[in-house]
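Reading through the structure tokens given below for one structure.
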Amino acid sequence: MSNNSFPHEFFGDLLAANAEYQKSFKYSELTGSAAKGLAIVTCMDSRIDPLRIVGMSAGDVKILRNAGARVTDDMLRTLLLATYLLEVKRVLVMPHTDCRMASGTEEQIHQALFDASGIDTRSIEIRTVTDQVAALKEDVASIQNYPLLPKDLEVVGAIFDVKSGELRKVV
């Protein structure tokens, strides 16, 4: 892709950072497989650095992210591909403390979106949670009970504390 196709006024900083990154790029030997056999389902929150949290490096882990670290149909589809085609043998579902998706009801988040944008989003499910532990148990069970995934897939759920860095196993 040509650099001219980027709107530089919005992405120039990214292009400059990428030019520096290319100078020391060292991952060309990696494959698309998860070298450590791990997939992490986590939130899109920018405070979460999944690889560092679990002591892994580029190429070790498949990282699946969405708002709230919820196990959706698309997450299950992605795990299906990761397990059968990309060497994933275990899954960590990792929501976090201080998550916006756990800070209000579905209606409250829709209202906040409306207030911020003027757009009525009530036709989509946001998947907020009022009880993170219960939601995490439900999400882990969704993976464990998904009939197309391998029966020997190891799944664990843990909440990441954004203030202390602790990963606390729940299920």
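Can we say Ala58 is surrounded by fewer than 17 Cβ atoms within 10 Å (Cβ to Cβ), of a type in the set (Gly, Ala, Ser) and over 18 Å from Asp98 (Cβ atoms)?
Details: surrounded by fewer than 17 Cβ atoms within 10 Å (Cβ to Cβ): yes; of a type in the set (Gly, Ala, Ser): yes; over 18 Å from Asp98 (Cβ atoms): yes.
Taking the combined requirement at face value, the residue satisfies it.
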Does Thr72 qualify as being within 22 Å of Gly104 (Cβ to Cβ) and touching a Lys or Arg at 6+ places or on another chain (Cβ under 6 Å)? no
Which one is farthest from Ala102 (Cα to Cα) among residues in segment 140-171 that are in a strand (DSSP E or B) and in contact (Cβ under 8 Å) with a residue 60 or more places away in the chain? Glu154
Residue by residue through segment 106-123, note down the ones that are touching a helix residue (DSSP H, G or I) at 6+ places or on another chain (Cβ under 9 Å) and open to solvent by 40 Å² or more (accessible area, probe 1.4 Å). Ile119, Asp120, Arg122
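The values are calculated or read from the model by the stated rules, or taken from the named source; none is laboratory data. Not measured: the values here are computed from a predicted model. Cβ sites come from the backbone with ideal geometry, for glycine too, and all protein chains shown count toward neighbours. Side chains included, ligands, DNA and RNA excluded: accessible areas come from the protein's heavy atoms. Shrake-Rupley method; radii C 1.70, N 1.55, O 1.52, S 1.80 Å.
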